[in-house]
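Notes for the one structure printed next.
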Protein chains: 2
Amino acid sequence: MKKGYRFEIELIHKLWEIGFAAVRTPASGVMSYPCPDIIAGNGRIYLAIEVKMRSSLPLYLSKVEVNGLKEFAEMFGAKPLVALKVKGLGWRLFTLDMLVESGGSYRIDENTFYRGFDFDELKGLKQLRLSN
Amino acid sequence: MKKGYRFEIELIHKLWEIGFAAVRTPASGVMSYPCPDIIAGNGRIYLAIEVKMRSSLPLYLSKVEVNGLKEFAEMFGAKPLVALKVKGLGWRLFTLDMLVESGGSYRIDENTFYRGFDFDELKGLKQLRLSN
C-alpha cells in the first residue's frame, strides 16, 4: 500500500464521519484532465482536496499543481483545499489564498500551518472562514 | 485494460466536452462507503453516475446497487444517474425514477431505453426533465 494512499484513506474516513460523502480519485497520469485527490460534498458544500503528508515543514506546492486544483474546482463548482498532515502535528486544511507565494511555487510554513483550519470548521462549527 | 474502464473513460471525455469537470472513482471494494463510478459537476449541476454497458437489453440493476447510488447522491448533493451504453444504440442517461422495478431488482428495457435522455440535456439544451 502506497503511503499517499494511506493518508487519503484516513482523510476519507474523517470526511464521512463529519457528514461528507467523499471519494478518492485514481492516481493522476491516466487522463489529461486536472483532478484533485479527493472530492467531497455534503449537499451544501463541495470540496476538491489535494492531500499532502510531510515529516516536517515547509511544504512546497508547484504552481502547476495549485493551478490544476483551482481550475478543476472552479469548473466543478467546489471549494479548492489543500489538506496537509505533518508528523506529530496532525491535519490542517488550507484554502488557496492561505498559501504563501514563494518564487515559482507555493509554500506552507509553520506560521501558515497554525492558521490552517481543522475538521470542526468543515462540520460548520466555525464556518465563517470557509465560506469566504 | 478492463472493459468497464474503457466505457467510463469514454463517458468522462463526453462530460468534459460539454463543460463538466468529471472524475472516475476507483473500483469499489477497497472502502466500505457507497461510491458511484463517476462524479461530475459544472458549478450548477452535480452528477453521481453509475456506468453500464450491455450488448443487448434489458439491463438489470440490483436494489443494493441502486440504493447505494441514491444514498451517496443524497449525502453528496448530486443527481443520481445511470449511464447505459448499448451496442449499436449508443449512450442514454436515466434518472432513478425511470428504472422499472422488477422483482428484486430494477430494469431498463427497450421502452425505457428510448425514453432515456442524451448529453444535450446535460448541456442544458433540454433541461426540464433533468431538473425535476
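The values are calculated or read from the model by the stated rules, or taken from the named source; none is laboratory data. The structure presented is a predicted model; accordingly, all values stated were derived computationally and were not measured. We place every Cβ from the backbone using ideal geometry, glycine too, and count neighbours over all the protein chains shown. Remember, those area values only see protein heavy atoms, side chains included, never the ligands or the DNA or RNA. Shrake-Rupley method; radii C 1.70, N 1.55, O 1.52, S 1.80 Å.
Structure values in brief
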quantity: Chain A, relative contact order in percent, only Cα pairs under 8 angstrom and at least six apart counted; calculated: 20
quantity: Under Karplus coefficients 6.51, -1.76 and 1.60, residue-wise ³J(HN,Hα) of the stretch A:108-117 in Hz, glycine/proline x; calculated: 10, 9, 4, 4, 5, 3, 6, 8, x, 9
quantity: Ranked by how many other beta carbons lie within 10 Å on average, peptides B:35-41, B:16-22 from highest; calculated: B:35-41, B:16-22
quantity: Shielding by other protein chains, A:18-25, mean Cβ within 10 Å; calculated: 6
quantity: Chains B and A together, accessible area buried on both sides, 1.4 angstrom probe, square angstrom; calculated: 2400
quantity: Gyration tensor verdict on the stretch A:5-82 (Cα atoms; rounded if a/c is under 1.5, prolate if a/b is larger than b/c, oblate otherwise); calculated: oblate
quantity: Beta bridges per DSSP with both ends in the stretch A:3-123, % antiparallel, nearest 5; calculated: 75
quantity: The stretch B:3-123, accessible surface, carbon-and-sulfur percent (1.4 angstrom probe); calculated: 46
quantity: Residue-level accessible surface for B:Lys52, protein heavy atoms, 1.4 Å, Å²; calculated: 40
quantity: Residue-level accessible surface for B:Ser56, protein heavy atoms, 1.4 Å, Å²; calculated: 70
quantity: Residue-averaged 222 nm ellipticity for chain A, from DSSP H runs of 4+ at -39500 (n - 2.57), nearest 500; calculated: -9500 deg cm²/dmol
quantity: Chain B - accessible surface per residue (Å², probe 1.4 Å); calculated: 49
quantity: Beta bridges by DSSP in the protein assembly as shown, antiparallel share as percent, to the nearest 5; calculated: 75
quantity: Accessible surface, 1.4 Å probe, highest first, among residues A:Arg107, B:Arg6; calculated: B:Arg6, A:Arg107
quantity: P(r) of the protein assembly as shown over all Cα-Cα pairs, binned every 5 Å from zero, in whole percent; calculated: 1, 5, 13, 17, 18, 16, 11, 8, 5, 3, 2, 1, 0
quantity: Three-way shape call for chain A based on the alpha-carbon gyration tensor, with the a/c threshold at 1.5; calculated: rounded
quantity: Label zone at B:Arg115, where the point sits 7 Å out along the Cα-to-Cβ direction: the stretch B:41-63 residues whose backbone N lies under 17 Å; calculated: B:58-61
quantity: Exercise: per-residue mean of other protein chain Cβ atoms within 10 Å, B:71-78; calculated: 5
quantity: Lys, Arg +1 and Asp, Glu -1 on Cβ, resulting dipole of the stretch A:3-123 about Cα centre, debye, nearest 20; calculated: 260
